[in-house]
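Each remark here refers to the structure printed beneath this line.
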Amino acid sequence: NELTWVTSSEQNSSHFDLKRSYDGIKWEHVGQKQGAGNSSTDIEYNVWDVEGSRHEVTYYELHQFDFDNALTVYGPIAVRCENDDSPMNGTLSPNPTAEASYLAIENCPLGEATITLMSSTGQIVYTDRIMVTKKNDVYFIDSLDLTRGSYVVRFQASNGQIVAMKLVKN
């Protein structure tokens with residue numbers, strides 16, 4: 001879950017603490033952002049909560065602290081995450097290819113993922129860590145420096161799910 005808030009002005013603002021709860025009773029610290037002190041312009045803040053998206057409903061409270069330790073609490077708000085049990089899958093196109101292919105991934109969990117390209121003998125030719133910010137996205141696979149032959153494109157999501165496909169370089 002990405003939590004974003006905007007202040008239109010701040011006076012004596014020290015910092016913000018974001019809290020999370022799954023039952024509305026027991027609260028855990030998620031993140032902290034420094035306040036602007038004094039400001040009269042819009043300022044956007046955001047915090048990523050990877051754990052929150054693993055539950056059907058997550059509650060959040062925002063605690064704003066001033067330099068004199070005065071506290072203002074905003075919320076709670078409820079964030080509902082749909083649990084999509086559809087398996088992650090992928091397609092490569094064009095395949096076979098002479099230059100490059102596009103890897104389309106569907107139903108991918110958000111977070112860090114790894115794309116690995118391996119030769120037919122299992123040698124790692126290329127690896128890249130990416131941040132998945134959309135459930136369905138397309139990634140560019142450059143194959144210009146590869147010799148003709150078969151390769152395996154392996155995509156591993158943040159939750160350990162793996163999609164592997166054969167890529168043929170002409």
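Quick notes on this structure:
- Near Ala98: Cβ cut-off under 15 Å, other residues only, Lys/Arg at +1 and Asp/Glu at -1. The net charge is -1.
- A DSSP coil position with no more than 12 other Cβ atoms inside 10 Å describes the following trypsin sites (Lys or Arg not before Pro) in the range 28-137: Lys134.
- All-pairs Cα distance distribution in the range 1-145, expressed in whole percent, bin size 5 Å: 2, 8, 14, 15, 12, 11, 10, 9, 8, 6, 4, 2, 1, 0
- Taking a straight line from the alpha carbon of Lys169, these lysines sit under 30 Å away, with near neighbours fewer than eight places off in the same chain left out: Lys134, Lys135.
- Integer Hz, Karplus 6.51/-1.76/1.60 couplings in order for the range 2-14, x for Gly and Pro: 9, 10, 10, 9, 10, 9, 8, 7, 9, 10, 6, 7, 8
- Residues in the range 49-68 reached by a label modelled at Asp23 [backbone nitrogen below 14 Å; 7 Å Cα→Cβ]: 59
- Simple point charges give the picture: +1 on the Cβ of Lys and Arg, -1 on the Cβ of Asp and Glu, and for the range 60-170 a dipole about the Cα centre of about 660 debye.
- Each Lys or Arg adds one and each Asp or Glu subtracts one; over the other residues with Cβ under 14 Å from the Cβ of Ser14, this totals -3.
- For the range 1-146, with +1 on Lys and Arg beta carbons and -1 on Asp and Glu, the positive-most of Asn38, Ile141, Asn1 along the dipole: Asn1
- Listed by chain and number, the aspartates and glutamates placed with their C-alpha closer than 15 angstrom to that of Lys19 are Glu2, Glu28, Asp49, Glu51, Glu61; residues fewer than eight positions away on the same chain are left out.
- Surface share of carbon and sulfur [accessible, 1.4 angstrom probe, percent] for the chain: 47 percent
- Options Val125, Asn170, Ser158, ranked by Cα towards positive dipole end of the chain, top entry (Cβ charges): Asn170
- Cα→Cβ-extended label distance, 7 Å offset, between Ser86 and Gln34, nm: 4.3 nm
- Treating r as the C-beta distance of Ser120 and Asn170 and R0 as 22 Å, the FRET efficiency rounds to 0.90.
- Average accessible surface area per residue within the chain, 1.4 Å rolling probe, Å²: 61 Å²
- Gain upon complete extension [Asn159, Lys134; 0.36 nm per residue less C-alpha separation]: 7.5 nm
- Charges were assigned to the Cβ only: +1 to each Lys and Arg, -1 to each Asp and Glu. The resulting dipole of the range 32-87 about its Cα centre is roughly 140 debye.
- Taking Cβ atoms as reference points and 14 Å as the exclusive limit, the residues near Ile77 contribute a net charge of 0, counting Lys and Arg as +1 and Asp and Glu as -1.
The values are calculated or read from the model by the stated rules, or taken from the named source; none is laboratory data. The structure displayed is predicted, hence computed values, not measured ones. As a convention, Cβ positions derive from the backbone with ideal geometry for all residues, glycine included, and neighbour counts pool all protein chains shown. When the accessible area is computed, the model is the full protein with side chains, heavy atoms only, and any ligands, DNA or RNA have been set aside. Shrake-Rupley method; radii C 1.70, N 1.55, O 1.52, S 1.80 Å.
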